[in-house]
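What follows is a single structure, written as structure tokens, with notes after it.
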Amino acid sequence: MDPARGKTLDVGNFGITQAQLPAHDAGPFDPRNLFASPKNSFEMEIGTGKGTFLVQQAVRQPDTNFLGIEWTAEFWRYAADRVRRRELDNIRVLHTDATELCRFWLPDEIATVIHLYFSDPWPKSRHNKRRVIQDETLLHFHRILKMGGELRLVTDHVELWKWYQDHATRNANLFDIKPFVSPESAKEGEMVGTNFERKFAREGRPFMAMTLVKRQVPMAVRVAQRSMHHSVGNSVGNSSSQPPNPRSFSRHPDPFPL
Ligand SMILES: C[S@@+](CC[C@H](N)C(=O)[O-])C[C@H]1O[C@@H](n2cnc3c(N)ncnc32)[C@H](O)[C@@H]1O
């Protein structure tokens, strides 16, 4: 898997590695401080791939900071190099597992939008726990989003769509389910215009999408969210209570090589 096709890539200051983050038990890490204007509104894309959505949309929202998160080193490097060449100072691309980043590092109420487009479906049921959307991650996304903030989901995968619908319905106390609205950068007939969307559109696959809008929750839920955050050994769900080891990322096979 070499999206660069042998070209030498340079991530400059736009690609951030997990090793550059503070220790996971040193307190929350606020990624807004990676940017020259940290007070600007902040959006995250999980599973950035080659960075197509970010580079298309960030030029249309110059007053918004975007953090792409990508765990496959080759794609992370490719996306960060692309951002550097275009000098898009409102984008940074972080090489890590986004779910672990949310769980161990990110503080409350920092993001206005979390984008998740064509997430890996992990179709075998024994791998379902590797899907990004889980009850636990929804609690973290809810905590990380500002009030009224949005989680935007698009997939071509029918089973993963059913999984999204089940999770959204089960967590209706956290999020209202709303229709998906395409970003300004999407071309005619596109949902978002990511690399995978363009590839799948050529194959004639259907796309499904929704927006989950953060709701106000009772204090008891907020207290539970805070106790889950940054509390090693106090987790719910299936993931380990240890922070991720960056060297292990390459062991995650990408089921859809570009
Ligand atoms: C199917 S690709 C889609 C890429 C891009 N969103 C697009 O639509 O072209 C899914 C990407 O998500 C990345 N990914 C999957 N799970 C991730 C996670 N937990 N953290 C960070 N990246 C993840 C994969 O490495 C892969 O590049």
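Can you tell me which residue within the range 29-45, out of those that are closer than 18 Å to Arg82 by Cβ and hydrophobic (A, V, I, L, M, F, W, C), is farthest from the ligand (Cβ to nearest atom)? If you could, list the steps in order and put the result at the bottom.
Of the residues in the range 29-45, the ones closer than 18 Å to Arg82 by Cβ are 34-35, 43-45.
If we keep only those that are hydrophobic (A, V, I, L, M, F, W, C) too, we end up with 34-35, 44.
Values: Leu34: 17, Phe35: 20, Met44: 10 Å.
Checking each candidate, the answer is Phe35.
Could you check the range 1-110 for strands (runs of 3 or more DSSP E) lying wholly inside it with 2 or more residues that are among the hydrophobic types (A, V, I, L, M, F, W, C) and touching a helix residue (DSSP H, G or I) at 6+ places or on another chain (Cβ under 6 Å)? Spell out how you get there, then give the answer.
On the way: elements: 15-17, 41-46, 64-69, 91-95.
Ranges flagged: 41-46, 64-69, 91-95.
Among the candidates Lys129, Lys146, single out the residue that is touching a residue at least 40 places away in the same chain (Cβ under 8 Å) and touching an Asp or Glu at 6+ places or on another chain (Cβ under 7 Å).
Lys146
Considering each of Asp25, Asp2, Asp63 in turn, give the residue that is among the acidic types (Asp, Glu) and more than 27 Å from His142 (Cβ to Cβ). Quick ask: steps written out before the conclusion?
Details: Asp25 fails: more than 27 Å from His142 (Cβ to Cβ); Asp63 fails: more than 27 Å from His142 (Cβ to Cβ).
Just one listed residue meets the conditions, Asp2.
Can you name the number of the only condition in (1) over 21 Å from Pro183 (Cβ atoms); (2) touching a Pro at 6+ places or on another chain (Cβ under 9 Å); (3) polar (S, T, N, Q) that Ser125 fails?
(2) is the only condition that Ser125 fails.
Just checking, how many residues over the range 188-208 are exposed (fewer than 13 other Cβ atoms within 10 Å of the Cβ) and in a loop (DSSP other than H, G, I, E, B)? Quick ask: steps written out before the conclusion?
First pass over the range 188-208, keeping only residues exposed (fewer than 13 other Cβ atoms within 10 Å of the Cβ): 188-189, 202-204, 206.
Then drop every residue that is not in a loop (DSSP other than H, G, I, E, B), which leaves 188-189, 203-204, 206.
The total comes to 5.
Would you check if there is a residue in the range 158-175 being acidic (Asp, Glu), closer than 17 Å to Pro206 by Cα and more than 18 Å from the chain's Cα centre (by Cα)? Let's see the steps before the verdict.
Keep residues of the range 158-175 that are acidic (Asp, Glu), which gives 159, 166.
Applying the additional criterion that residues be closer than 17 Å to Pro206 by Cα yields 159.
Within this subset, residues satisfying the condition of being more than 18 Å from the chain's Cα centre (by Cα) are 159.
The answer is yes; a qualifying residue exists.
Search the range 63-104 for residues being farther than 14 Å from Thr17 by Cβ and among the β-branched types (Val, Ile, Thr), and hand back the single one that is nearest to the ligand (Cβ to nearest atom).
The qualifying residue nearest to the ligand (Cβ to nearest atom) is Thr99.
Residues Ser248, Ser235: which one is touching a helix residue (DSSP H, G or I) at 6+ places or on another chain (Cβ under 7 Å) and either farther than 28 Å from Gly149 by Cβ or at pLDDT below 50 (or both)? Give the derivation first.
Details: Ser248 fails: touching a helix residue (DSSP H, G or I) at 6+ places or on another chain (Cβ under 7 Å).
Sole residue among the options that is touching a helix residue (DSSP H, G or I) at 6+ places or on another chain (Cβ under 7 Å) and either farther than 28 Å from Gly149 by Cβ or at pLDDT below 50 (or both): Ser235.
The values are calculated or read from the model by the stated rules, or taken from the named source; none is laboratory data. Note that the coordinates shown come from a computational prediction; the quantities given were computed from them, not determined experimentally. When we count neighbours, we look across all protein chains shown, and the Cβ atoms used for this are built from the backbone with ideal geometry, even at glycine.
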